[in-house]
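So the structure is just underneath, and the comments pick up after that.
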Amino acid sequence: MTTAEFSFPVREAERKVLDRVAELAEGFRAAAAEYDERAEIAVGHLTALHDADVDRAVLPERVGGIGLSYAAFGHLVRVLAKADPSTATIWTMHAGAGVALAEFTADTLGGFFAEEFLAGKRFANALSEPASGNRFLNPQQDAVPVAGGWSLTGAKRFVSGCEIAEYLLVNARVDGAPAFFGVMPDETVSTIPIWDTLGLRATRSQLLSFDHTLLRAEYRGRAPGFGDFAVIPAGLPAISLGIADAALDALIEHARSRVILGKPLAHQQWVQYEVADVQTKLAAAHALYERALWEADHGVPSFFPNLSRAKYLANKIAVEVAQLGVRVGGASGYLKQSPIQRHLRDAEAGQLMAYSTEVIAGEIGRAVLGVAEDE
Ligand SMILES: Cc1cc2nc3c(=O)[nH]c(=O)nc-3n(C[C@H](O)[C@H](O)[C@H](O)COP(=O)(O)OP(=O)(O)OC[C@H]3O[C@@H](n4cnc5c(N)ncnc54)[C@H](O)[C@@H]3O)c2cc1C
């Protein structure tokens, strides 16, 4: 087993998981293009991650897990996303839903959802709605009171990995406020197969239809809180950074191996200048992300807005690096057999995932200019 050096403090239990993930990632990288082509969930990758104790690692200690630091978590998702961004996305969503349900119901159901998560059950986030746009934490669909809880009729869209999920984290409006539930999909939940996309094809983020689905009162959790481990906000920047790292590697490999008029492409000055520009911006995006993770680990309240900034920057630089890859790659990078075109398709998805770059830009711009949200 290889043991890597880390730029952040790592406990022994974390090191074991990170080393194992680095090994697994090599195999994931080799298979990623095929899963993408078939738009098929790499179930084996997810099982291997569970067997490597990755789920136990991400679950906070207070609900029975190892409790990765934010720094270790960010490292893990970047490594996964560089190798196979669809697997990284499904796992991040699965971890986000599983950890959230374990935390939100800790005082009511005890360890039920934590135990299911640790047992290898699959979780997914069914939060986005047709009418809520990017504001996925503000559901517009009302659940109505029925015996045993509330009933939901409506739709949730782009639910990564929903076809293999045994539990869904579902939100709905109850008495005018967002409420969160664990739902075991039954015959009232059906999949509408819309997922035939440009990028992140192997996430199979389908549309789910709910027809009088019972949101059980005992599976209702509290609302997200400041002290909860913020899996999705901390994971999304890492997905784009991993894609950007992979796109840069593919670009470098092509520029060094493609010989034009007797010299490698890497010797052309325009390539050097453009690579300098994207590599420097990418390094800055990694640095901002690492700062936000450090703040999160040290309880600095600015970690949340800085994670948003890191997502914004990571989403944009991933597209920039991948676009440069297409220019440097020429027509050979445009061929389906080249990883260059796949990195561009995957990079585009990062900025669509909530909160989108437009929504984040609005938040940052208002904060910088001192404009209140309702002004
Ligand atoms: C690969 C992938 C995986 C996903 N996985 C999941 C998942 O597992 N679970 C889940 O619940 N969701 C998931 N989503 C959904 C995602 O997080 C967004 O909520 C959803 O994509 C928003 O819908 P939309 O893309 O149709 O864009 P729309 O919301 O229709 O946005 C269209 C445009 O309007 C802008 N816009 C939207 N709302 C606002 C606003 N309030 N203010 C300003 N501008 C706005 C957007 O930035 C965009 O430019 C996933 C999406 C993708 C692409």
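The values are calculated or read from the model by the stated rules, or taken from the named source; none is laboratory data. Everything quoted here is computed from the prediction, not taken from an experiment. Positions of Cβ are backbone-derived with ideal geometry, glycine not excepted, and every protein chain shown enters the neighbour counts.
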Practice item. Give the residue that is farthest from residue 181 (Cα to Cα), with candidates limited to residues of the stretch 149-166 that are hydroxyl-bearing (Ser, Thr, Tyr) and away from the ligand (no atom under 12 Å from the Cβ). Key: 153
Exercise for review: Select from the stretch 85-113 the residues that are closer than 21 Å to residue 73 by Cβ and of a type in the set (S, T, N, Q) and write down the one among them that is farthest from the ligand (Cβ to nearest atom).
Suggested key: 87
Practice item. Give 10, 54, 58 a once-over and let me know the one that is of a type in the set (Val, Ile, Thr) and either in the same structural domain as residue 344 (by TED's automatic domain parsing) or more than 20 Å from the chain's Cα centre (by Cα) (or both). Key: 10
Point to revise | Filter pass, residue 138 being crowded, with 21+ Cβ neighbours inside 10 Å and in contact with a strand residue (DSSP E or B) (Cβ under 9 Å, 6 or more places away or on another chain) | key: no
Practice item. Go over the candidates 258, 291 one by one and state the one that is touching a strand residue (DSSP E or B) at 6+ places or on another chain (Cβ under 7 Å), among the basic types (Lys, Arg) and away from the ligand (no atom under 16 Å from the Cβ). Key: 258
Review point. So which residues in the stretch 31-55 are outside any loop (DSSP other than H, G, I, E, B) and either in contact with a strand residue (DSSP E or B) (Cβ under 9 Å, 6 or more places away or on another chain) or closer than 16 Å to residue 97 by Cβ (or both), if there are any at all?
Key: 46, 49, 50, 54, 55
Review point. How many residues, within the stretch 323-375, are surrounded by 17 or more Cβ atoms within 10 Å (Cβ to Cβ) and small (Gly, Ala, Ser)?
Key: 9
**Study point:** Yes/no for residue 172 being more than 9 Å from the ligand (Cβ to nearest atom), modelled with pLDDT of 95 or more and within 20 Å of residue 190 (Cβ to Cβ)
**Key:** yes
Review point. Residues 287, 276, 244: which one is assigned to a helix (DSSP H, G or I) and surrounded by 15 or more Cβ atoms within 10 Å (Cβ to Cβ)?
Key: 244
Check your understanding: Among the candidates 262, 242, 227, 221, which residue alone is free of Cβ contacts under 8 Å to residues at least 24 places away in the same chain and either in contact with a Cys (Cβ under 6 Å, 6 or more places away or on another chain) or closer than 28 Å to residue 297 by Cα (or both)?
Key -> 227
Practice item. Search the stretch 114-148 for residues being in contact (Cβ under 8 Å) with a residue 60 or more places away in the chain and outside any loop (DSSP other than H, G, I, E, B), and hand back the single one that is nearest to the ligand (Cβ to nearest atom). Key: 125
